[in-house]
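The values are calculated or read from the model by the stated rules, or taken from the named source; none is laboratory data. What you see is a predicted model; the values in this text were computed from it and never measured. Here the Cβ positions follow ideal geometry from the backbone for every residue, glycine too, while neighbour counts run over all protein chains shown.
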Amino acid sequence: MKENGADVLVQARLKVAAGKISEIDTTVVRNRDEGMIFRPDGLKTASPAMSVTPDKSLLNARQEMIDLASRYPNGLKVGSFLKSDAQFAADAYRLENGQLMAGPGCTFIPGCADIKGQGLPTLAGIIYKVGAVDEEQGIVWLRMSFGPGSLMGKEGTLMVWEMFKIYGGQIHAVEAVMETAPLGTSFGWDL
């Protein structure tokens, strides 16, 4: 989106009950200071991987999708997607605020092309909640607070909306909008 002529990253969550909007949650990231990473040019169009409509035979049950997506924050908690047995497809990738951070073609840091085996920080204080699940499109949306240590030496936490494209028992894509926030910042809603 544009704000005063400048690119900004925007995430919005609507809770709909009885056909009416009962909650609105937004995240707006205007620059690198607000999001640690800021590449809005990497989000100009919908990504092909997130736009795939999986064949019905490949769709996982709702709880299976949540369990597969949960292996991601559980991997961050222990510092390894190998230890959490995250199930990534061979071409899986991760975008954070528009920057390719893992998967094929990643050059951000050494080893980032291997999404499952890449080095990770140990974020023992990470917490998360399921924000939404789209069983027909194979999408799980998690709201996370990465906790202490997530801002690389700075005080605070990364507050993250992370979307996972899941089908065939694997995570095919991970895309996130994240912003820095003070430690203890609440999600502002309960599910």
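Check 171, 126 and return the single one that is at pLDDT 95 or above, over 18 Å from residue 55 (Cβ atoms), in contact with a helix residue (DSSP H, G or I) (Cβ under 9 Å, 6 or more places away or on another chain) and crowded, with 22+ Cβ neighbours inside 10 Å.
Numbers: 171 fails: over 18 Å from residue 55 (Cβ atoms).
After applying the criteria, what remains is 126.
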Inset, instruction - Can you tell me which residue within the range 69-101, out of those that are among the hydrophobic types (A, V, I, L, M, F, W, C) and over 20 Å from residue 121 (Cα atoms), is farthest from the chain's Cα centre (by Cα)? - result: 90
Legend entry - Cβ-Cβ under 8 Å pairs, at least 6 apart or on other chains, the range 92-118 side of a type in the set (D, E, K, R), far side in a loop (DSSP other than H, G, I, E, B): 94/103; 94/115; 96/37; 116/81; 116/82; 116/86
Inset, instruction - Could you please give the count of residues in the range 31-53 that are among the hydrophobic types (A, V, I, L, M, F, W, C), over 18 Å from residue 90 (Cα atoms) and touching a residue at least 40 places away in the same chain (Cβ under 8 Å)? - result: 4
Inset, instruction - For the range 148-157, state whether one or more residues are within 14 Å of the chain's Cα centre (by Cα) and either surrounded by 20 or more Cβ atoms within 10 Å (Cβ to Cβ) or within 25 Å of residue 41 (Cα to Cα) (or both). - result: no
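For (1) at pLDDT below 95; (2) aliphatic (A, V, I, L, M), each residue gets a yes or a no:
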site	(1), (2)
46	yes, yes
56	no, no
63	no, no
70	no, no
108	yes, no
Inset, instruction - Would you mind finding the one in 138, 105, 117 that is closer than 19 Å to residue 88 by Cα, surrounded by 22 or more Cβ atoms within 10 Å (Cβ to Cβ) and out of contact with any Asp or Glu (no Cβ under 8 Å at 6 or more places or on another chain)? - result: 138
Inset, instruction - Given the conditions (1) assigned to a loop (DSSP other than H, G, I, E, B); (2) closer than 26 Å to residue 187 by Cβ, report the number of the one that residue 118 does not fulfil. - result: (2)
